[in-house]
Amino acid sequence: MLKFLVLLLVLWLLFKVTDGVFKGCIALFAFVFLGVIVLAFLGLLLKFWWLLLVFFLLGVAVANKS
């Protein structure tokens, strides 16, 4: 459970950083790319792929409001 919470925090921070550095659609693709690298590095890509999808859809919703 602790590993999941840390992973969630890391992905949220990664999402905020890519959204701050890039704007719009490029930020979403950068987040997904970096998120896949982070999850693959941790060996959790197959287990938590859906978490990337949740953040991607969140980013799409935020981008549509802007």
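Of the listed values (i) 4.9; (ii) 4.1; (iii) 8.4, grab the one calculated as mean projected area of the Cα convex hull in nm² from the structure here.
Correct label is (ii).
Using 7 Å Cα-to-Cβ label points, what is the Lys47/Ile26 separation (nm, one decimal)?
For Lys47 paired with Ile26, the spin-label model returns 3.5 nm.
The numbers here are math on the coordinates, done by the rules we state, and not lab data. A quick note: this is a predicted structure, and the numbers were derived from the prediction, not measured. For neighbour counting, all protein chains shown are included, and Cβ atoms are generated from backbone atoms with ideal geometry for every residue, glycine included.
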